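**Q** One structure follows; several queries about it will come next.
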Amino acid sequence: MRGSGTADPADSRIAAAFDAVPRESFLPPDQRRYAGVDRALPLGYDVTNSQPSTVRAMLALLGVEPGDRVLDVGCGSGWSTALLAHLTGPEGHVVGVELVPEVLTACRTSLGAQVELHQIELHQADPAVLGWPAGAPYDRILVSADAEVLPMELVRQLVEGGVLVGPVGGEMLRVERHGRYVFVPLRTLGP
């Protein structure tokens, strides 16, 4: 219970992941001195390493459990991928996809230094396909790029009860999938 003086176990697990996976290891050499600053840092190619407070909030919303299968869309530097792998534990599995080949190469290098995180699989994203459907379904999906509308292609890659967290139109959303139902279309009754 929050506010009772007892720490939330999920918050403790996220804090432990942050301690185990230092951001500095996933930044270009010229950005490492800024690792402790709470702001997005450039990786090149118009890609950033998100600010720690945003990553922490997204992980809290995502609610990753040990043993989960997680998709990290826009894995960038690999920092979020490594954090997710720490949270899933050795029984979990994390699939990271990145659109920019040069960024994915740097991601592979950074993650290669994290030898204890062998439950990670990385892929070059296909610009015509969102996520990594070949590995679906996933328990959790983390999206680190802003979508104009809710990406239903990703929602369909979740298991029933699975959770997607990501920005849509600049607003952070947490979506839980509950299966398919049939309804009439939603519409407005204009004048």
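Any read-out appearing in this document is the output of simple, stated calculations on the displayed coordinates, not a laboratory observation. Predicted model, so just to flag it, every value in this text is computed and none were measured. Glycine also receives a Cβ, built like all others from the backbone with ideal geometry; neighbour counts cover every protein chain displayed.
**Q** Criterion first (of a type outside the set (S, T, N, Q) and within 15 Å of the chain's Cα centre (by Cα)) does Gly135 satisfy it?
**A** So Gly135 fails the test.
**Q** Could you identify the single residue in Val143, Val94 that is in contact with a Ser or Thr (Cβ under 6 Å, 6 or more places away or on another chain) and in contact (Cβ under 8 Å) with a residue 24 or more places away in the chain?
**A** Answer to the selection: Val94.
**Q** Continuing with the same structure: Tell me which of these Gly74 doesn't satisfy, since it passes every other one: (1) in contact with an Asp or Glu (Cβ under 9 Å, 6 or more places away or on another chain); (2) within 30 Å of Pro137 (Cα to Cα); (3) loosely packed, with under 12 Cβ neighbours inside 10 Å.
**A** Unmet for Gly74, out of (1) in contact with an Asp or Glu (Cβ under 9 Å, 6 or more places away or on another chain); (2) within 30 Å of Pro137 (Cα to Cα); (3) loosely packed, with under 12 Cβ neighbours inside 10 Å: (3).
**Q** In the set Asp38, Asp30, which member is exposed (fewer than 12 other Cβ atoms within 10 Å of the Cβ) and assigned to a loop (DSSP other than H, G, I, E, B)?
**A** One residue alone meets the criteria, Asp38.
**Q** Select from region 109-136 the residues that are surrounded by 11 or more Cβ atoms within 10 Å (Cβ to Cβ) and part of a loop (DSSP other than H, G, I, E, B) and list them in ascending order.
**A** Ala113, Gln114, Leu117, Gln119, Ala125, Asp126, Val129, Leu130, Gly131, Trp132, Ala136
**Q** Could you look through region 43-71, keep only residues that are more than 11 Å from the chain's Cα centre (by Cα) and within 25 Å of Ala128 (Cα to Cα), and pick out the one that is surrounded by the most Cβ atoms within 10 Å (Cβ to Cβ)?
**A** Asn49
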